[in-house]
Amino acid sequence: MGSEGSGLRNRILVAVFLISLLIGFGLGFLSYRITLRLQKEYVGIINIEGVIESSSHVQRYVDLINRAYLNKSVKAVVLRIDCPGGYADLVEALYMDLLELKKEKPLIASIVFAASGGYYIAVAAEYLYAEPTSFIGNVGVIGIAPATLIPSERVLETGAYKATGFSRLLFPFNLTKALENFVSAVRNGRGARLKIDDSELRKGLLYLGGEALRIGLVDELGSLQAAIKKAAEKAGLTRYEAVSLDGASALVAYGLQDSSNQTSTKAKEREKAWQDLTLEALNKAHPPPSIWYIYLPPEALQKASYASTSEKNETAKVFGGGEARGRGLLLVDRSHGNMVSFWELDILIAELAKRNVTITFVPTWMELENALKEATALLVACPTRSYSPAEVDKLEAFVDRGGILLLIFDPAYEYLALAELFAPINSLATRFGLAFAKGYLYNDKDGGHFGFYRNIYVRSFANSSITKDLKSLVFFTATHVYSMDKGIAWTSDDTYSSTAERKGRYAIMAQVQRNGTVIALGDLTFLMEPYCYVEDNYKLLLNLVSFITSARLPQVEGGKEEKPVVEELEAPSLPVGTVKDFVEWVDGTEGFLRWIKVSDFEVRVERPDRTTLYFYNENGSLVKWTSDGMEAVYESPLPGPPFPLVKGKEWAYKSAYNLTIDGEFFHGWLEGYEWVEVFEEVNALDGKAYYCAKVGYRFKDQLLSLRNSQNITISTEGSYWISSDAGTVKETEKTWYYVNGVFRGLERRDLLLRSIKKG
């Protein structure tokens, strides 16, 4: 046993020695293989995707740049750019880090999409490739100005700009400085290859790849592979491997990636996220004041302007003092969804009040019509609903009796209606031979604007009491006024219209003289602080005040005041079993609609292609509806009209709701606003004339798909005519459809009663 045990031990020791020898040899060979692999030379790829909106987002890119900078195996770098830009200082930080990387290693850009800050980053590279249909350029800045501080007695700040950070008046100049940084970066990066001048760059145009090549924004049309090949050539590489510095997990073996690497899934999520980016999202990411090198499509910059529900059914607001007669009374119309308030007009009001003129904000047409008999002047600014021909007749008569009518329109989105943006003001202006133009005016020449291309100088004036002693004005995002030789103030002849895209001398103020006077101005902002103190803007304001103060009380024809006609409509009473047949036109195609009152809580609407059931509660409010595979349920039931209806009556409502379409779920939000316009007779197709209240309405539906996060916006404007005898007799509406902020279509629908059979 002893010898056998000793022999066994010897054999074991030999085996262990041999195994150790083999393991040592294997590990050495493996180490040799890894060393060989680590000695490979690489072209590193950094993917710049999506919006650059946070410091953590930039830190990820900075880590990748550092990885490329410090790793000796990475001999050259390709930037793969699919980016609309981002927050200004983050874009600049990334740009400056890339400049440092370029000092050490060749840096080539391969562009999928490089707009605004995305292109700012691209020009850090020494050679730029683009695809033929890549979008490139959009050199410029978007700034979100600081709000006006409303101070607190508890929260105290140590200086006038401590809370806001910027002067609102000087903020455009800050944007211009940021723009010059951008232009300088492009000029430095592209050098003599750039074939356009700085003024062309500042326009912010997007160019397709071929056009970008022609003007020198890129060097060559080609794929990512072409960019990789160019980077290798610049680095003098003949044998190399291209690797994504934030990509495949196999790179860990080469020391090119750490365990904290972000996954490509997150990059894809960021890439998708910027497609749905909105101005509200920017505000949330970086509250104003903020400066962005970013491309946003127009629909993302637009804002639907609905009259605030808090302002409905308000009583007239009166400022100033004294009796109106003999001292002057200025009415400010609020009856047509006018986007103007005491906030915008406070300086004008203060100057008029010092001269003992009374100023009254009038919320309904009925009140306005009655108050015109005592008024010397009427101000109509930024209406969002059109004036009817009958209403225009009343206002024209006011001017013909000697009244002053001030028409002010501002094309900035804060003052625009959702659709047919210029139609409401022009429904009144055209009666006096005037029309406010679409778009806005701008001047992008050095010295041609006040700090910002949309802040235009006005320095040419006609001889008028409104323009007395004026030498220079600044209008802020203004439009021009079409007139037949009635202009009284003009821009310089190198000013552009955003819609005409041509330069010219544009009339920005006009004056029509009848027995009374109509004055049209293409800007509202100049009346507000601090903008009213720029150049001669305050002189213009005082000229308007003097003109209003000097007006005489218009005379009512015949020396007698007309008594207002009281118009009122009671709720229709339609018994269960009532059937109404309508003719319906959808985009001009005639169809059929049948309306049936099934019960006190249910209505059935039949069309050739679908049937819809509407369900109401005991108050007559809509609770839900179903229609061939669709169902919508409202969290807050939608109310019907608040009978009795009288002229000028207004109401608003809003509700969240859940919508199911063939098993797909949407979360929705609806806002509605309605108002009684006029009372008139409507001739139906049954040969009868029905006395109706014409009710205007505006709805906005916003839907979010819970499956694919798709945003759908449905905006509707129209009118319905309702009778006590037959309920709805006529309806006409337009509906605009948007998907992810992109306009998808417009539908026009008209409805007219053909017959009614009461149950």
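Taken together, the values in this text are just the output of simple stated rules run on the coordinates, not laboratory data. Treat the numbers as computed from the prediction; the structure is a model and nothing was measured. Heads up, the Cβs are rebuilt from the backbone with ideal geometry, glycines too, and the neighbour counts pull from every protein chain shown.
Brief remarks follow.
- For HIS480, HIS667, order by how many other beta-carbon atoms lie within 10 Å, fewest first: HIS667, HIS480
- Over all other residues within a Cβ to Cβ distance under 14 Å of SER723, the charged ones net out to -3, with Lys and Arg as +1 and Asp and Glu as -1.
- Label zone at ASP446 (point 7 Å along Cα-to-Cβ), backbone N below 16 Å, region 194-228: 197-203
- Paramagnetic label zone (point 7 Å from Cα along Cα-to-C-beta, LEU746; backbone N under 20 Å) in region 477-503: 498-501
- In the structure shown, the pairs LYS580/LYS647; LYS503/LYS700; LYS597/LYS730; LYS284/LYS649; LYS438/LYS730; LYS654/LYS694 are assessed against 29 Å; a Cα-Cα span above that value is assigned to LYS503/LYS700; LYS284/LYS649; LYS438/LYS730.
- Reducing region 620-649 and region 55-103 to their Cα centroids gives an inter-centroid distance of 55 Å.
- Note on ALA353/LYS654: beta-carbon distance plugged into 1/(1 + (r/R0)^6) with R0 of 41 Å gives a FRET efficiency of 0.70.
- Integer Hz, Karplus 6.51/-1.76/1.60 couplings in order for region 391-404, x for Gly and Pro: 5, 5, 4, 5, 6, 5, 4, 4, 5, 5, 8, x, x, 9
- Taking other C-beta atoms within 10 Å as the exposure proxy, SER724, SER573 rank SER573, SER724 from fewest upward.
- Nearest-0.05 FRET efficiency for MET630 and LYS203, computed from C-beta distance (R0 60 Å): 0.85
- With 5 Å bins from 0: P(r) over region 568-757, alpha-carbon pairs, percent: 1, 7, 13, 18, 23, 19, 11, 5, 2, 0, 0
- The slack between LEU685 and ARG552, meaning 0.36 nm per residue of separation minus the straight C-alpha distance, is 42.9 nm.
- In plain terms, the bigger the Kirkwood radius, the slower the diffusion; for region 580-687, with that radius from Cα pairs, at 37 °C and 0.692 mPa s, Stokes-Einstein puts D at 203 µm²/s.
- Region 689-756: proportion of alpha-carbon pairs further apart than 16 angstrom, %: 57
- Environment charge of LYS758, counting only residues whose C-beta is closer than 10 Å and scoring Lys/Arg +1, Asp/Glu -1: +2
- FRET efficiency, ARG193 to GLN225 (Cβ-Cβ, R0 25 Å, nearest 0.05): 0.65
- Footprinting exposure proxy for MET528, MET339, MET96 (fewest neighbouring C-beta atoms within 10 Å first): MET96, MET528, MET339
- With 0.36 nm allotted per residue and the present C-alpha distance subtracted, the SER719-ASP662 stretch has 17.4 nm of extension available.
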